[in-house]
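Read the structure below first, then the notes.
None of the figures in this text is laboratory data; all of them are computed from the coordinates on show. Note that the structure is predicted; figures quoted are calculated from it, not measured. Don't worry about glycine lacking a Cβ; one is built from the backbone with ideal geometry, like all the others, and counts go over all protein chains shown.
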Amino acid sequence: MRYLTAGESHGPKLTTIIEGMPAGVPLLAEDINKDLARRQKGHGRGRRMQIETDTAEITSGIRHGKTLGSPIALVVENNDWKHWTKIMGIEPITDEEAENIARTITRPRPGHADLNGGMKYGHRDLRNVLERSSARETTVRVAAGAVAKTLLSQLGIEIGSHVVKIGGVEAKDCSYESMKQLQEKTEASPVRCLDEQASIEMMKAIDDAKANGDSIGGIVEVVVEGMPAGVGSYVHYDRKLDSKLAAAILSINAFKGVEFGIGFEAADRFGSEVHDEIAWSEERGYYRLTNRLGGLEGGMTTGMPLVVRGVMKPIPTLYKPLKSVDINTKEEFNASIERSDSCAVPAAAVVAESAVAWELASAIVDQFPSDTLKGLKEYLELYRQQLKEF
Ligand code: EPS
């Protein structure tokens, strides 16, 4: 499976085209819209989210509520576009109009794509970079992820996410009894955190950063239950599932690191404290006594829950800007101030969930190729049976 996205933050619309979904998967716009709404929420979001009510229009690939096997196109309108029609207009403008265009950006924000993107593409108005590098694009990545999630749920695979750290405040009690409970508890928390006390402290940390004109980052965790063992492969670098998941997480705006299971802590432990001992029972088949490696060994799933963490740096758009240089005069100036979020970690948890869902759905469709959902289900059922009998 593959997908592309298109769209500028303040352009008319965002689009994604998804290819490779088997035919016969039940899919409703509301399945997608639910996740789009989740991505918009979270303590620390800025004013843009009050302007938008992201909803996907399905313009191809679905008929009577089911996928056709043909490309699925999803379109999300930017409500804010109406305020930007002149600045972001599609039609050519005169040199004089270009000189007087509002909201040009010539003072790149440190940490954003502005300067490198401008130098690379020769853009003298750095808005040409900002518009596409903005995390607004994650809207349609979440839409594509929601489509992947509907396929996974048909195959008995459930996914959830939660925030484990914001601005140095760490969740202490991240326990949950079922995926349903994790989903309900995180939905009830304004920062998508399972620990109620930490949620309160995280919100305070966000408010303090905002009051200081600053931003803060954090860590999100994605968990997946129901993946059979052996998805991915050890035979080649580009078939290892962990490397694909890592790339997917790092492709999210502002994400700087990724961990599986205990992650970087493995560096400080003995091998006997890292690896998960193997057991077998009639009912479960092979399983692990612990899950420190987060459900991945040798580039493949182990059948244990997948646990993927991503670290998000603080958003680089600051109301208390850092030093920069004006690209026209080369003089020292403060970076441009743009509307932004003081913390988008809760929203990023939903994005990370979507990115992981996409990679898993894609890996499954690659490994058990079938043009139809029925065929895929049968193939996977056979494989699950094979695992039990091994
Ligand atoms: C975002 C929309 C953007 C930003 C944010 C994410 O909208 P606007 O630029 O109009 O405020 O709020 O993106 C960033 C802060 C960034 O640095 O990329 C969204 O839809 O999530």
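When Rg is the radius of gyration of the Cα atoms in the stretch 1-78 and Rh is its Kirkwood radius, what does Rg/Rh come to? Don't skip to the end; give the middle numbers.
Values: Rg = 13.7 Å, Rh = 13.5 Å.
That ratio equals 1.01.
Can you sort Arg292, Arg63, Arg39 by how many other beta carbons sit within 10 Å, fewest first? Write down the numbers at each step before the final one.
Numbers: Arg292 18, Arg63 10, Arg39 27.
Placing the least packed residue first, the sequence is Arg63, Arg292, Arg39.
Starting from 0.36 nm per residue, how many nanometres of slack lie between Asp95 and Tyr379 once their C-alpha separation is accounted for? The partial results should precede the final answer.
Values: separation 284, 0.36 × 284 = 102.24 nm, distance 6.05 nm.
Extra length available between Asp95 and Tyr379 comes to 96.2 nm.
Using only C-alpha atoms and all pairs of different ones, pull out the Kirkwood radius for the stretch 91-195 in Å with one decimal.
On the way: mean 1/r = 0.0558 Å⁻¹.
This gives a value of 17.9 Å.
Hey, what number do you get for the chain at 222 nm if only DSSP H runs of n ≥ 4 count, each worth -39500 (n - 2.57), divided across all residues, to the nearest 500?
Values: 11 runs with 129 residues, N = 390.
Result for the chain, helices only: -10000 deg cm²/dmol.
In what sequence, highest mean first, do 205-215, 88-98 appear when ranked by Cβ atoms within 10 angstrom? Mind dumping the intermediate values first?
Values: 205-215: 17.3, 88-98: 9.7.
In decreasing order of mean packing, 205-215, 88-98 become 205-215, 88-98.
With the Cα gyration tensor of the stretch 303-390 in hand, convert its eigenvalues to equivalent ellipsoid semi-axes via √(5λ) and list them largest first in whole Å.
Details: eigenvalues 470, 43, 23 Å².
Semi-axes, largest first: 48, 15, 11 Å.
Taking a threshold of 28 Å on the Cα-Cα distance, which of the pairs Lys204/Lys256; Lys185/Lys210; Lys82/Lys323; Lys34/Lys86; Lys13/Lys330 fall above it? Show your work: numbers first, answer last.
On the way: Lys204/Lys256 24 Å; Lys185/Lys210 25 Å; Lys82/Lys323 32 Å; Lys34/Lys86 32 Å; Lys13/Lys330 35 Å.
In this structure, Lys82/Lys323; Lys34/Lys86; Lys13/Lys330 lie more than 28 Å apart at Cα.
With θ set to phi - 60° and the Karplus curve 6.51 cos²θ - 1.76 cosθ + 1.60, what are the ³J(HN,Hα) couplings of the stretch 331-342 in order, to the nearest whole Hz, using x for Gly and Pro?
So the J values, rounded to whole Hz, are 7, 6, 9, 6, 4, 4, 9, 10, 4, 7, 9, 6.
With a 10 Å Cβ neighbour count serving as the proxy for reagent exposure, in which order, fewest first, do Ile327, Ile157, Ile101, Ile216 appear? It would help to have the intermediate numbers written out before the result.
Details: Ile327 18, Ile157 21, Ile101 14, Ile216 25.
Final ranking by Cβ density, sparse to dense: Ile101, Ile327, Ile157, Ile216.
Using the reciprocal of the averaged 1/r over all distinct C-alpha pairs, how large is the Kirkwood radius of the stretch 57-124 in Å?
Details: mean 1/r = 0.0628 Å⁻¹.
Answer for the stretch 57-124: a Kirkwood hydrodynamic radius of 15.9 Å.
Over the Cα atoms of the stretch 223-284, compute the convex hull volume and normalise it per residue, giving Å³.
Details: hull volume 8.4 nm³, N = 62.
That works out to 136 Å³ per residue.
Quick one: what does P(r) look like for the stretch 182-272 with 5 Å bins over all Cα pairs, in whole %?
Calculated over all Cα pairs of the stretch 182-272, the distribution is 2, 10, 14, 16, 20, 17, 10, 6, 4, 1, 0 percent.
Which far-off residues, 5 or more places away or on another chain, put their amide H under 5 Å from the one on Ala254, with H placed in the peptide plane?
Distant-sequence amide H within range of Ala254: zero hits.
Work out Dmax and Rg for the chain from the C-alpha atoms and quote the Rg first, both in angstrom.
22.2, 77
What are the DSSP H helices in the chain that stretch 27 Å or more along their long axis, judged by alpha-carbon atoms, and whose average Kyte-Doolittle hydropathy comes to at least 0.5? Numbers along the way, then the final one.
On the way: long enough: 345-367 (32 Å, 1.11).
Once both thresholds are applied, what remains is 345-367.
For a distance above 20 Å, tell me the whole-number percent of Cα pairs in the stretch 17-131 that qualify.
Working: 4076 of 6555 pairs.
When every Cα pair of the stretch 17-131 is considered, 62 percent fall beyond 20 Å.
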